[in-house]
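Each reported figure results from applying straightforward, stated rules to the coordinates on display, with no laboratory input. None of the values given here were measured: they were computed from a predicted structure. Neighbour counts run over all protein chains shown; Cβ positions are idealised from the backbone, glycine included.
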Amino acid sequence: MYLYILYLHIEFFGGEGMTLADLRPGDTAIVTGLAQTNMKRRLQDLGLIDGTPVTCIGVSPLGDPKAFAVRGTVIAIRETDSRHVTVRSD
């Protein structure tokens, strides 16, 4: 069981595990996938679809949530939710 879970984690994150939560203000990345969670549909509705460029434009004073520019709009996403969006550097 443990090996299977580890394999899924490596396969999903491509061994790197870079997510939206890892971006700093000014960083741009390309969405590569969404985890199968209850938030998947909501994140897609916000424009986070495979191949979409995303730029981190700011962080709240306490560090959570972060603001991202996506498809001409600005959205704020909590860190726990942004960990479900995998990205690759632009």
- Query: Of all residues in segment 43-71 being among the hydrophobic types (A, V, I, L, M, F, W, C) and in a strand (DSSP E or B), which is nearest to residue 89 (Cα to Cα)?
  - Reply: 54
- Item | Members of segment 57-90 found to be more than 10 Å from the chain's Cα centre (by Cα), polar (S, T, N, Q) and within 15 Å of residue 32 (Cα to Cα), listed by number | 89
- Message: Go through segment 50-61 and report how many residues are under 14 Å from residue 86 (Cβ atoms) and surrounded by 14 or more Cβ atoms within 10 Å (Cβ to Cβ).
- Response: 2
- So how many residues does segment 12-42 have that are surrounded by 12 or more Cβ atoms within 10 Å (Cβ to Cβ), more than 12 Å from the chain's Cα centre (by Cα) and among the small types (Gly, Ala, Ser)? 1
- Being surrounded by 14 or more Cβ atoms within 10 Å (Cβ to Cβ), without any contact (Cβ under 8 Å) to a residue 24 or more places away in the chain and not aliphatic (A, V, I, L, M) narrows 64, 45, 81 down to just 64
